[in-house]
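K.L.:
This structure is in structure tokens; I'll ask about it shortly.
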Amino acid sequence: MNIRRFSALALSAAFTAIAAPAAMAADLIISQPDPIPVTPQRTVPLVVQPTAAWGGMYAGISGAYTFGQLDENFSGTSIDTDGYGGVGFVGYNWQRSRWVFGAEADVGYTADEVTEQDVTIESGLDASLRARLGYALSDRFMIYGTVGGAYGAPTITTADGEVSEDMFGLTYGGGAEMKFGRRMFGRVEYRHVALEATDVAIGNNSYEFEQQNNKVMLGIGMHF
């Protein structure tokens, strides 16, 4: 074999060795599909509604400051009254979304004794039975209004004797409650109490009394 022929064969083999991998790599290239366009999604704000944190039965106690007046209509006598006392309350709530409605009863006692123009008044026992409508600002804070029937039993003493008279009327007002935990809550409440004119017989004389009171209460309670 001459040198020229050997050189030609060597060059041909070298070219084949270099070109073969390149051809194989070209065969392996796979065309990629066009990317799928992605449509941006709208973010919907999450509205968190309060859970039914105010529903169910509850009970508690309040301290109360009561001020007002008792009027004797026949003589035109008006006696200012005020005193401190305590109140026990029990009720039941239903809740729909943020609205809370229910019923509540309370019984209280006011310790005061006022004497004016020979008439002595002791406020004594009082009670009420009321409807309530509230709005839950959150799971922990609620405001409400309340209205219903009221009862009072003042003891009235004149020169003719002494009598404890049952008086009935209307009470209305409102307040706010705040939860300290899952069950415990505190409240502040104001109510106006209007007891209707009542004829009272003391000894041989007859009187007509009516009473207007304002009650400011601060209490604590528990849900069951």
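The values are calculated or read from the model by the stated rules, or taken from the named source; none is laboratory data. Because the structure is a prediction, the values reported are computed rather than measured. Neighbour counts are summed over all protein chains in view; Cβ atoms, including those assigned to glycine, are modelled from backbone coordinates with ideal geometry. The accessibility values were calculated without ligands, DNA or RNA, using every heavy atom of the protein model including side chains. Shrake-Rupley method; radii C 1.70, N 1.55, O 1.52, S 1.80 Å.
K.L.:
Tell me which trypsin sites (Lys or Arg not before Pro) from region 172-211 have a DSSP coil assignment and no more than 12 other beta carbons within 10 Å of their own.
P.N.:
Those satisfying the criteria are Arg182, Arg183.
K.L.:
Round to the nearest 10 and report in Å² the accessible area of Tyr144, as given by a 1.4 Å probe over the protein chains' heavy atoms.
P.N.:
20 Å²
K.L.:
Next question, about the same structure. Could you tell me the accessible area of Ile61 in Å² (1.4 Å probe, neighbours in place), rounded to the nearest ten?
P.N.:
Looks like 110 Å² after rounding.
K.L.:
Still on this structure: At a 1.4 Å probe radius, which order do Glu210, Glu189, Glu113 fall into by accessible area, largest first?
P.N.:
In descending accessible area the options line up as Glu113, Glu210, Glu189.
K.L.:
Want the number for Ala201 to Thr115: 0.36 nm per residue separation, take away the alpha-carbon distance, what's left?
P.N.:
Computed gain between Ala201 and Thr115 is 29.1 nm.
K.L.:
Gly145: net charge of surrounding residues, Cβ under 11 Å, Lys/Arg +1, Asp/Glu -1, itself excluded?
P.N.:
Net of charged neighbours comes to +2.
K.L.:
Same structure again: Gap in Å between the Cα centre of region 128-157 and the Cα centre of region 197-220?
P.N.:
Rounded to whole Å, the Cα centres lie 19 Å apart.
K.L.:
Moving on to the next point. So, for region 141-224, what is the accessible surface per residue at a probe of 1.4 Å, expressed in square angstrom?
P.N.:
Per residue, region 141-224 has an accessible area of 46 Å².
K.L.:
Leaving ligands, DNA and RNA out of it, report the carbon-plus-sulfur percent of the accessible area of region 99-207 at a 1.4 Å probe.
P.N.:
C and S fraction of accessible area: 59 percent.
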